[in-house]
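Let me begin by presenting the structure, written as structure tokens, before commenting on it.
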Amino acid sequence: MASPTRGALIAIEGLDRAGKSTQCSLLLDRLRAENHPATLQKFPDRTTPIGQMINTYLQSSTALDDRAIHLLFSANRWEARDSLLETLASGTTILLDRYIYSGIVFSAAKQSHPSPSPPHGPLSTSWCRSPDVGLPRPDIVIFLDISQDAAAARGGYGQERYEKAEMQARVRALFEEMRADERDKEDWWVVDAGGDVEEVADAVWAGVQEGIRRAKQRPAVRAIE
Ligand code: Z5A
Ligand code: MG
């Protein structure tokens, strides 16, 4: 029996309140309505033991070394790796609600407290990327672009520790830098997420179609470099 065409790996990224989870849920319905096998994987996955540690960290103000929490976010992706690859191999498309790109920019955007031991200061993006090297690389990264004011108008920032205007501004700048990075440039598909839900959904859908097309041209899933 011929093996099925593999599924596409599609990451949905963006700033806070850009509508990532809203769009992921609409996409899942739309793909399934078209009889395209699809599933959703959110990161952080707060359901695993590692995810529960991350959840506790995000919802509290307890101190934890920036590198230690960064490695937990990455470990939370590594523990999903085999299942992601098996799902893709079975012909099912995976929508990722945040992935390594959030991982890199959120850690690198932190203004670390002076540490008693080196390295001092903010974590570099290359240091932040290294634990994710080797994970499955998405066929496309759909970036929901929204202004800070429009995002804040959607209910304002919540209670979690990164939901602060100055942190979000640094995250925005780092996402822009990453979109220009040679290793990622060809993967990004930027969507204006400031419109109403249906308008955004149509623009995201075009990105998904492109991701599925790219996956068909690449029998093997690539790895993050
Ligand atoms: N983090 C990290 O540090 N390291 C990592 O490796 C990873 C993540 C993977 C929690 O993430 C934190 O983890 C996050 C990054 C960090 N920190 N911050 N800040 P999360 O994914 O669990 O965060 P969340 O709680 O799901 O929020 P979100 O992702 O930022 O929101 P969203 O998914 O983009 O938006 P939404 O929930 O779909 O919509 C937000 C609201 O806007 C809601 O009321 C919607 O009804 C409304 N909405 C959505 N679309 C529209 C449109 N088009 N018009 C009007 N209103 C809209
Ligand atoms: Mg979300």
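FYI, it's all coordinate maths here, none of it is from the lab. All figures in this text were calculated on a predicted structure; none of them were measured in a lab. We place every Cβ from the backbone using ideal geometry, glycine too, and count neighbours over all the protein chains shown.
Some notes on this structure:
- Protection proxy ranking for 9-17, 30-38, 47-55, 71-79, using the average of other Cβ atoms within 10 Å per residue and placing the highest first: 9-17, 71-79, 47-55, 30-38.
- Of the trypsin sites (Lys or Arg not before Pro) in the stretch 104-213, those whose Cβ has at most 12 other Cβ within 10 Å and which sit in DSSP loop: LYS164, ARG183
- The chain: relative contact order in percent, alpha carbon pairs under 8 Å with at least 6 residues between: 32 percent
- Distance between the 7 Å Cα→Cβ label points at SER124 and GLU225: 1.9 nm.
- Remark: the THR48-ASP181 segment gains 44.7 nm on full extension, using 0.36 nm per residue and subtracting the alpha carbon distance.
- Highest-MSF residue in the chain out of ALA180, ALA193, ALA215 [GNM, Cα springs under 10 Å]: ALA180
- Nearest 10 degrees, 0 to 90: helix 49-58 Cα axis against the chain principal axis: 50 degrees
- Dipole magnitude of the chain about its Cα centre (Cβ charges: Lys, Arg +1; Asp, Glu -1), debye to nearest 20: 500 debye
- Diffusion constant of the stretch 7-137 at 20 °C, which comes from Stokes-Einstein with the Kirkwood Cα-pair radius and 1.002 mPa s, µm²/s: 134 µm²/s
- For the chain, the Cα gyration tensor yields ellipsoid semi-axes of 29, 21, 16 Å (square root of five times each eigenvalue, largest first, whole Å).
- Here the calculated FRET efficiency for VAL133 and ASP202, from their Cβ-Cβ distance with R0 = 41 Å, stands at 0.75, rounded to the nearest 0.05.
- Within straight-line cross-link reach of LYS185, aspartates and glutamates at Cα separation under 20 Å, skipping those fewer than 8 residues along the same chain: GLU13, ASP97, ASP132, ASP139, ASP145, GLU176, GLU177, GLU210, GLU225
- Between GLY121, GLY91, GLY207, the residue with the greatest mean-square fluctuation in the GNM of the chain (Cα pairs under 10 Å linked by springs) is GLY121.
- DSSP-defined beta bridges in the chain - what % are antiparallel, rounded to 5: 5 percent
- Bridgeable lysines around LYS164 (alpha carbons under 19 Å apart, same-chain partners fewer than 8 residues away excluded): LYS20, LYS110.
- Residue among LEU123, LEU26, LEU84 with the largest mean-square fluctuation in a Gaussian network model of the chain, springs linking Cα atoms under 10 Å: LEU26
- Here the simple spin-label model places points 7 Å from the Cα toward Cβ, and for ARG81 and SER147 these points are separated by 4.2 nm.
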